[in-house]
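Right, one structure below, let's go through it.
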Amino acid sequence: MLDEPLHLPCGAVLKNRIAKAAMSDDLGDGQGSPTDSQQRLYALWADGGAAMSLVGEVQIGPWAPENYGNLVLEPLGETEQFRGLSDAATANGAHFWAQLGHAGALAVPVSGPAKAPSAIDVSGIHAVEMTSDEVEALPAAYAQAALNARSVGFTGVEIHAAHGFLLNQFLSPLFNRRTDRWGGSARRRALLLIEIIAAVRAAAGPGFPVAVKINATDQLAGGIEEAEALDLVSMLDETDIDLIDISGGAYFPGAAAASDGTKAGPYFLDFARLARARTGKPLMTAGGFKKRMEAEEAVSSGAVDIVGLARALAIDPALPGKWLSKSGEEPVFPRFAVTPPGGVTAWYTERLHQWGSLGAIEEERSIEGALAQVERRKEANAVLWRKRFRAVL
């Protein structure tokens, strides 16, 4: 089953059922453009056999990045670097999609306070409520980003409405307390996402893949839970999207990470089985796939149409080809004695940097060393980001 092509509603075809799921790789140049290291990393994934690679957190503008190493689609920077990245990532018939992002309240500091559906002041996260004009402008901003993505060689886009970022904040009853047309009932809280989907589809055209990433659960008290997430799946079924990517969790204080739970195996398959009854759209999920048999069962059972691999492909970029050939090789995941906040993510981020810069892993960093390197890069890139985008911030 994993080697079968997947035909999307728009007419595009993914060559098999394994995708490189979105990760924030922190490999941009600090000014919104790709680097040579990023190009080498995505070339490895294309050579490794994945049907599609998603670039995590590609920003629709420079105002609310998740990280200063994010790519930015408007204004476009080094277009030749973008095209070089796309050429590398689409080798061997692979698709290459940009995950369109806006971090909302979770944005790193750029200029002025962060913006969110409603004001937030909790555990070091501060944001002011977006004005109606600012919300009204978002569909056009996402549409322009999708158009720019297509112009530099991306073969699809994914609208990021998960993990506690802006569109997930609009969907959440915890963070969206608006009293205008974008707040209130679940359908009204989903209105902005539906409007963005329509705008992106109109801009990108009928044959260009458009996916949406949603949470099965925010894993946060007062946030989105299973029943409301399933209702959202039903709403998405009425749109012109090509794929629903199921995830969960939010980068807010108090939210549990799916990887911290006690559930063995893939995290969101139970939700995907319920979602299957609500939609005829292709489904994807990532998180917890560590063995080929888990991926095969997920697809052959009909729970999902394609599986996403993230950390497994930081361990071994060639894993899809090995699974497709049934070589018997499986990724060997590290075990950490101590896991400070952000440490595991930093460790995997640094591994991606080694693959990109060296094409191999020459030295495994400690979690402490990875955290320190991530922080040094963040400080350096913050300066570059503000200088590059000063005129539009």
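The values are calculated or read from the model by the stated rules, or taken from the named source; none is laboratory data. The model shown is predicted, which means the values in this text are computed figures rather than measured ones. Counting neighbours? That spans all protein chains shown, and the Cβs are built from the backbone with ideal geometry, glycine included. In case anyone asks, the SASA skips ligands and DNA or RNA and just uses the protein heavy atoms, side chains included. Shrake-Rupley method; radii C 1.70, N 1.55, O 1.52, S 1.80 Å.
Assorted remarks:
- The calculated P(r) of segment 112-155, using every Cα pair and 5 Å bins from 0, goes 6, 19, 18, 15, 13, 13, 11, 5, 0 in percent.
- Rounded to 5, the percent of DSSP beta bridges in segment 32-173 classed as antiparallel: 20
- Applying the Kirkwood pairwise sum to the alpha-carbon positions of segment 258-393 produces a hydrodynamic radius of 17.5 angstrom.
- Kirkwood-type radius of segment 42-115, with distances r between different C-alpha atoms, in Å: 13.2
- Cα-based Rg and Dmax for the chain, where Dmax is the largest Cα-Cα distance (Å): 19.3, 56
- Protection proxy ranking for 128-136, 166-174, 34-42, using the average of other Cβ atoms within 10 Å per residue and placing the highest first: 166-174, 34-42, 128-136.
- Using a probe of 1.4 angstrom and keeping all protein chains present, the accessible surface of the chain works out to 39 square angstrom per residue.
- For the chain, the dipole from Cβ point charges (+1 on Lys and Arg, -1 on Asp and Glu) about the Cα centre works out to 120 debye, to the nearest 20.
- Partners of Lys115 within straight-line reach, counting lysines whose Cα lies under 27 Å from its Cα and excluding those fewer than 8 residues away in the same chain: Lys213, Lys378, Lys387.
- Percent RCO, i.e. relative contact order, over segment 279-393, from Cα pairs under 8 Å lying at least 6 residues apart: 18
- Near the amide H of Thr217, within less than 5 Å, lie the amide hydrogens of Gly249, all on another chain or at least 5 residues away, with H placed in the peptide plane.
- Cα centroid separation, segment 337-392 to segment 282-326 (Å): 26
- Each peptide in 376-386, 80-90, 97-107, 234-244 was scored by the mean count of other Cβ atoms within 10 Å over its residues; highest first, the order is 97-107, 80-90, 234-244, 376-386.
- Counted over the chain, the DSSP beta bridges are approximately 10% antiparallel.
- For segment 205-220, Karplus couplings with θ = phi - 60° (6.51, -1.76, 1.60), whole Hz, Gly/Pro x: x, x, x, 9, x, 10, 10, 9, 9, 10, 8, 6, 7, 6, 6, 9
- Take 2-11, 268-277 and order them by the average number of nearby Cβ atoms within 10 Å per residue, most first; the result is 268-277, 2-11.
- Binning the alpha carbon pair distances of segment 148-210 at 10 angstrom intervals from zero yields the distribution 22, 42, 27, 10, 0, expressed in whole percent.
- Its alpha carbons considered, segment 179-324 gives a radius of gyration followed by a Dmax of 16.2, 52 Å.
- Dividing the Cα radius of gyration of segment 8-133 by its Kirkwood radius returns 1.05 for Rg/Rh.
- Taking the protein heavy atoms of the chain in the context of the full set of protein chains, the accessible area attributed to carbon and sulfur is 52 percent at 1.4 Å.
- If the convex hull is drawn through the Cα atoms of segment 347-393, its volume per residue in Å³: 82
- Mean Kyte hydropathy of -1.0 or more with a Cα span along the axis of at least 30 Å, helices from DSSP in the chain: 367-388
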